[in-house]
Amino acid sequence: MLAACFPGPHSYSGDDLVEISTHGGLIVPAAALAAFVAAGARPAAPGEFTRRAVLNGKMDLLQAEATADLIDAGSPAQRRRALHQLERGLSDRLAALRSEILELEALIAYDIDFPEEDEGPVAPQRVRGAWDVVRGRVADLLKTAPEGERLREGALLVIAGRPNAGKSSLFNALLGTERAIVTEIPGTTRDAIEAHAVIDGFPFRLVDTAGLRDSGERIERLGIEVSRKYLAAADLVLFCEETDDPSRGDFLAQVQVPVVVVRTKSDRPSGRPAVGPSVSVVTGDGLPELRRQLAEVAFGRLLALGDVEPVVTRARHRAALQRALEELDGFWSARETGVDAAAAATHLRAAMAALDDLIGAITPEDVLDRVFAAFCVGK
């Protein structure tokens, strides 16, 4: 057994730590753990060491969440994004936004101190310009939320089309394994099959669905109903057709999310040009291009931003930024309706408070409990 000592405050958590390494297997680590518990120690709660790091000022709440995201990362894009947030990419952007809001409040300080003056030393156009800048930056950051949250969960990609259109074969090809049963018999897939996959470096949840058609067979109708429920929840739809499908127009009119139309079985001559990309799961032709297109459609904003700009990846982040944006709008609405400067400034302080909540400057215990409940035990 090897013991390594990490004195605080330079340890991971900021506390005095001792790390114990034992021989592998099941019996030796369990016996060592039992001995420590018998001597008065207790097992760490989920995320307890990272929680202590936050409470001891070693990292903020955004970095703590990034630690969990890095542990759970299943794709290169998730790993890069978690590392960017762990290295204070999002934290630094929020600190800059907070400073800009504070400077905006400073611009109207004269109006607060000398409300009887008709015109202060700061022109209204300067205040408007500063407000425009900070509001635009908060709004731009908020726009990354849909794809950022999709990056954490995986984009829900539903593969749809008529029976025997090559959906299950394409599902297996994108997944990289024979998960769905493939036959020449139309209606083979009766239920939706969901699986995780990494496509062009990004996480996807692939769903192979039952072929869409009018059917009198009860079990197949139930499968088609499940398909429609998945289509309603999809982030992206991959519509498969072997030849021109006359039902394509009606299908596209009903779907509210982006649709990629793909001509399957391109190794078989069809005699007509394809509407979208053509692929063959037999030869592999077109699959790299299709993977790249799916990643661009599902994560186009993130691809445009690259790995330099911060991204909002959780509903908690989105809610806090939405509150900050609403308070900034409330500030300007108050200015336009003649509300005195002191009352208008309360909106700016509320916007800063929302950013403080996001970064974890002041965090209630119940918020900490929710954040760290998803951690693995200990870390």
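Side notes on the structure shown:
- Enumeration of residues in the stretch 283-327 that are not aliphatic (A, V, I, L, M) and not in a helix (DSSP H, G or I): T283, G284, D285, G286, G306, D307, E309, P310, T313, R314
- Any hit, the stretch 22-34, residues being under 25 Å from A361 (Cβ atoms) and in contact with a helix residue (DSSP H, G or I) (Cβ under 8 Å, 6 or more places away or on another chain): no
- Flag if A66 is open to solvent by less than 80 Å² (accessible area, probe 1.4 Å) and over 36 Å from the mean Cα position of the chain (by Cα): no
- Of the residues making up the stretch 337-354, those that are in a helix (DSSP H, G or I) and without any contact (Cβ under 8 Å) to a residue 12 or more places away in the chain are A343, T346, A353.
- When A324 is tested against (1) open to solvent by less than 10 Å² (accessible area, probe 1.4 Å); (2) without any contact (Cβ under 8 Å) to a residue 12 or more places away in the chain, just one condition goes unmet, and that condition is (2).
- Check on A41, more than 30 Å from I359 (Cβ to Cβ), hydrophobic (A, V, I, L, M, F, W, C) and open to solvent by less than 60 Å² (accessible area, probe 1.4 Å): yes
- Which listed residue is among the polar types (S, T, N, Q), over 29 Å from V198 (Cβ atoms) and not in a loop (DSSP other than H, G, I, E, B), from S91, S13, S99: S99
- Taken over the stretch 46-81, residues that are touching a Ser or Thr at 6+ places or on another chain (Cβ under 8 Å) and among the small types (G, A, S) amount to 3.
- Among all residues of the stretch 254-269, there is at least one that is assigned to a loop (DSSP other than H, G, I, E, B), surrounded by 19 or more Cβ atoms within 10 Å (Cβ to Cβ) and either among the small types (G, A, S) or on the phi < 0 side of the Ramachandran plot (or both).
The values are calculated or read from the model by the stated rules, or taken from the named source; none is laboratory data. Since we're looking at a predicted model, the values are computed, not measured. As a convention, Cβ positions derive from the backbone with ideal geometry for all residues, glycine included, and neighbour counts pool all protein chains shown. Note: areas computed on protein heavy atoms with side chains; ligands, DNA, RNA excluded. Shrake-Rupley method; radii C 1.70, N 1.55, O 1.52, S 1.80 Å.
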